[in-house]
Structure formats: structure tokens, C-alpha cells
Amino acid sequence: MPLRFTTAGESHGPALVSLLEGMPAGVPLLADDVNTELARRQQGYGRGRRMQIETDRIEFLSGVRAGETLGSPISMLVRNSDWKNWMEIMDPAPREADTDGLRKRHVTRVRPGHADLTGLLKYDRSDARDILERASARETTARVAAGAICKVLLREVGVRIGSHLVHLGGIDAARPDVLPEDLNAASDASPLRTLDAQAEARMIERIDAAKKEGNTLGGICEVVVTGLPVGLGSHVSWDTRIDGRLGQAMLSIPAVKGVEVGLGFETARRTGAEVHDEIEAAPGRTRAGHVRRRTNRAGGTEGGMTTGEELVIRVAMKPISTLMRPLGTVDMATGQAAQAVAERSDVTAVPAMGVIAESMAAFVLANALLEKFGGDSLPETQRNLNAYLARLDERVDR
């Protein structure tokens, strides 16, 4: 069966749930493999008070036994520590009438840039809390939990995924010509997950200034994947192209507005000679088919398939839509002009977005890996991959 995941839960509900199906049996898996990724998602300078309230940890409910996956659905629970403060507001039981206190917590002053207004109209609700609790980026906690397991599978077949911040609030970070071998170890050491210390200092000043203004900032992260074999994805149908699938996954992340693979939009400004990657023989590079691209402007994909080069994706996140100095809106209860509701918020969550983007990339790539090589168990998948790589070697020998 194809790999798939779904999530459930509200931002201030009792818990979040992540359900991952299609993972082969025999993948070594500990709770710490997931908890480490959840902790990475909560880091980053410019985060709000919610990150101090929650310490995300998963509880396996099914699909794992004695430190290995079973091949059955893997379900995980992440409890919301803040639930105790929201029990009355988020109580699923019906009530005869709202108290004055509950009415004051209704969200009718909808936020520009958020799902509040569109969702309220689409689902015919009077309180936008029915929308924003699910539309909240808190949901991405459950995505990261599923993605963490996909990362373990990829690691077992020699694929690694990392990310770093390359832009924040109008400030670019220099990208080193050669990335650190352990990209996440290097980027996670920075409070902004950037590899440019000088740019980091200026970014922190920019965040501090935006916080004083009651404003928010967006930015760009780069996701880099190494060790991929040539040929994941396919050119034969629109929905099998690996870059298209990665783009959809990235654009599903709350507040993400743009995705580039390789040079992306810059390719439209150059000639073909300045865009396409020349190919040369490279004996020993089995995963790339014993060739190498002299450059990697395509970012690791050609014709909807992986090339065996580094996969490079840039993901752009807009500024968060909850401002402490709110923008103008309409109060949907009265129809009058108003200032948008302002609950607690981050100044920026771009460093965390990079971790979420890693997780979404891990899911798409793990799914493509299993599509090509199959396997009800990890050893079977590894055997199928090794047979494919052996065939690539045979082509060179012949």
C-alpha cells in the first residue's frame, strides 16, 4: 500500500494525533527518534510563549513493538499541556448557552491573512475559533511526528535530510560553497538555524525591532537531501512527478507561499547554457548512474525524477498573520470596522518551518522510495534497492 499519513486535533484541544500507514515492518524506531524532531520544531529565536508551555513528546498507541515497526498503522499521541486552561472553551459537550466569559472568547474580529474569515463563511460558523483551532500551525507537530519516522526509513537506506535558514526579514544569509556534512548539527547550533553568523546577528536585531513594533517577519529555508538514488518519481503522469509532489507538500505548510527547486525562478532569467547542468562520466557514483552533473542548477531533479545529485528545495514563509499591533478588519458579529483579534503569537517561525519542510520532504521521498522498491519489511526494501543499484553497476561494466 502507498505510504500515507493523516493528523487530527485542535491547537488548544486535549491532544494531537498522527497516523502513519504503509511503513514497512522492521524499521528500528524509538520514541526519542520522534521526540528529537519535535524538540527541533519548537526551537528558534522569535518564538512566542506557547513554546515555553508545551514540551512535545509522543506516545505510541500502535504499530511499534520492541523498538521496531510492525507494518501496521503507527498511531501517535501528543498531549497539549495547555489544555487545562482551555477545557471550558474547547469542551466538546453541548451547552445550553454561553456564559459572558465564553462569549468574550468568541473570535469574530477575523485576522487578515489567516483562515478565520474564509473558513467561517465556508463552514457557516459564527465563531472563527471553530476554524482557527485546526488551521493553527500547531497541527504541524503531528506532521513532524510522521515525518520523523519517514526520516528513519530513509536513513536506513542511506538518505539524509537537513535544512538551514537562508533569509529572514529582508536579510540574506550567505550559503557556504560546501555545506557541512551534518547539516542539521551545524544549523541547529544557531538560534535561527542559519550558517551565517554575521547575518544571524543582524536578523536577531531585526526580530527584536519587529517585536517592539508588534509586527511579524517571514523568510526562506533551504532543504537539502543527500543519498537519493536516481529515478524516484516519474515523467509519465502529472501526479507522479517528484518535484510536483514536493511542491504540493511544501505549499501545504501553513504560511508557506513559495517553493523553488534548484535555481527555481532564477532559471527564467537566464539562457539555456546558463541553466542546464552538463553531464560527465563519474565511475563509482552508483546512485547517480555513474555520472555527475558539473553543476546542480536543477536542484536534483530532471523530468520529474531524482537524478542522484543533491536535492535542493527553497521554501518561502510569509510573516505570521497574528500581529500584536492588529490590522484592520470587520467584526463579523456586528458588520462594523474593527481591529483584528490578537492572541499570543511568534514574531517569526521560519527556523521551525525548516524542520517542518524537512518532515514533508521525508514523507514524499519515503513514499516514492517505497513505490519504486516496495517491500513489506525493511530488509526486503533494502534488497530491492541493492538489486537496482547492482543493475546500474552492470550497465557501466557492460
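Highlighted here are the strands (runs of 3 or more DSSP E) found entirely within segment 311-393 that include at least 2 residues which are surrounded by 20 or more Cβ atoms within 10 Å (Cβ to Cβ): 311-317.
Give the residue, chosen from Leu3, Leu29, that is at pLDDT 95 or above, within 19 Å of the chain's Cα centre (by Cα) and surrounded by 19 or more Cβ atoms within 10 Å (Cβ to Cβ). The match here is Leu3. Among the residues of segment 255-272, are any in contact (Cβ under 8 Å) with a residue 60 or more places away in the chain and within 29 Å of Arg395 (Cα to Cα)? No; the residues of segment 255-272 include none that is in contact (Cβ under 8 Å) with a residue 60 or more places away in the chain and within 29 Å of Arg395 (Cα to Cα). Of the residues examined, Ser126 is not one that is part of a strand (DSSP E or B) and hydroxyl-bearing (Ser, Thr, Tyr). For segment 314-331, the candidate set comprises residues that are modelled with pLDDT of 95 or more, among the hydrophobic types (A, V, I, L, M, F, W, C) and out of contact with any Gly (no Cβ under 7 Å at 6 or more places or on another chain); within that set, the residue that is nearest to Gln43 (Cα to Cα) is Val315. Just to be sure before I move on: is Ala298 among the aliphatic types (A, V, I, L, M), open to solvent by 40 Å² or more (accessible area, probe 1.4 Å) and outside any strand (DSSP E or B) in the structure I sent? Judged against the criteria, Ala298 is not a match. Number of residues in segment 277-286 that are open to solvent by less than 40 Å² (accessible area, probe 1.4 Å) and either among the small types (Gly, Ala, Ser) or over 30 Å from the mean Cα position of the chain (by Cα) (or both): the value is 1. Taking each residue of segment 17-46 that is of a type in the set (Phe, Trp, Tyr) and looking for partners that are modelled with pLDDT of 95 or more and open to solvent by less than 20 Å² (accessible area, probe 1.4 Å) with beta-carbon atoms closer than 7 Å, six or more apart or interchain, yields Tyr45/Leu192; Tyr45/Ile207.
Scanning segment 349-383 for residues that are without any contact (Cβ under 8 Å) to a residue 12 or more places away in the chain and touching a helix residue (DSSP H, G or I) at 6+ places or on another chain (Cβ under 7 Å) yields a count of 1. Taken over segment 277-320, the criterion of being among the hydroxyl-bearing types (Ser, Thr, Tyr) and either free of Cβ contacts under 8 Å to residues at least 40 places away in the same chain or under 20 Å from Val364 (Cβ atoms) (or both) is satisfied by Thr295, Thr301, Thr306, Thr307. Of the listed requirements (1) crowded, with 21+ Cβ neighbours inside 10 Å; (2) free of Cβ contacts under 8 Å to residues at least 40 places away in the same chain, Ala115 misses just one: (1).
The values are calculated or read from the model by the stated rules, or taken from the named source; none is laboratory data. Small disclaimer: the values here were computed from a predicted structure and weren't measured. Don't worry about glycine lacking a Cβ; one is built from the backbone with ideal geometry, like all the others, and counts go over all protein chains shown. SASA here: full protein model, heavy atoms, side chains in, ligands and nucleic acids out. Shrake-Rupley method; radii C 1.70, N 1.55, O 1.52, S 1.80 Å.
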